[in-house]
Amino acid sequence: METNIQHQEPFQYAEVYISDMFALKNIFQQIQNTRKINPEFGIPFLLVRKKNEVIGFASLVVQEKNGIAFKIFEQKAMPETERKNFVSRAENYIKASTAPNFRNPEQLKSSVQKMISWLNM
């Protein structure tokens, strides 16, 4: 009896760079079914790729009571174990970062507004 071995491509994680923004903007617009970026987009900081395609990203957002949290946006659904791994990586990334956007809600609000203005041009 022959056994077929299926090779699954691993997921790759990377910090977000400015060159990634328009791909992330497209994912957000598809998920939210909108043409404009809004504050829910936040400040993306970590992305996940499968092969060479970005399939999701984590973004810093300001909560209602001026807390800082993150949201995960997925263009294509990840398997549950991989999603949990991505969430864990995002949490660890936030804990390790000392940048003002990760620690100061007012700074994050300002950065989100600038990001929205730039991406909606």
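The values are calculated or read from the model by the stated rules, or taken from the named source; none is laboratory data. Since this is a predicted model, take the numbers as computed values, not measurements. A quick note on method: Cβ atoms are made from the backbone with ideal geometry, for glycine too, and the neighbour counts reach across all protein chains shown. Ligands, DNA and RNA are stripped out before the accessible areas are found, and what is left, the full protein with its side chains, is counted by its heavy atoms. Shrake-Rupley method; radii C 1.70, N 1.55, O 1.52, S 1.80 Å.
Structural remarks
- Among the residues of the range 46-88, just one is over 24 Å from GLN29 (Cα atoms) and basic (Lys, Arg), namely LYS65.
- Residue in the range 90-98 that is in a loop (DSSP other than H, G, I, E, B), touching a strand residue (DSSP E or B) at 6+ places or on another chain (Cβ under 9 Å) and touching a residue at least 60 places away in the same chain (Cβ under 8 Å) present: no
- Residues satisfying the stated conditions in the range 39-67, i.e. within 16 Å of PHE102 (Cβ to Cβ) and open to solvent by 50 Å² or more (accessible area, probe 1.4 Å): GLN63, ASN66
- Qualifying residue in the range 20-27 (condition: crowded, with 19+ Cβ neighbours inside 10 Å and at pLDDT 95 or above): yes
- Residues in the range 64-89 that are in contact (Cβ under 8 Å) with a residue 24 or more places away in the chain, part of a loop (DSSP other than H, G, I, E, B) and of a type in the set (Lys, Arg): LYS76 alone.
- Tally of residues being open to solvent by 50 Å² or more (accessible area, probe 1.4 Å), within 22 Å of PRO39 (Cβ to Cβ) and at pLDDT 95 or above across the range 71-102: 4
- Meets criteria (within 26 Å of ASN120 (Cβ to Cβ) and touching a Leu at 6+ places or on another chain (Cβ under 6 Å)) for PRO44: yes
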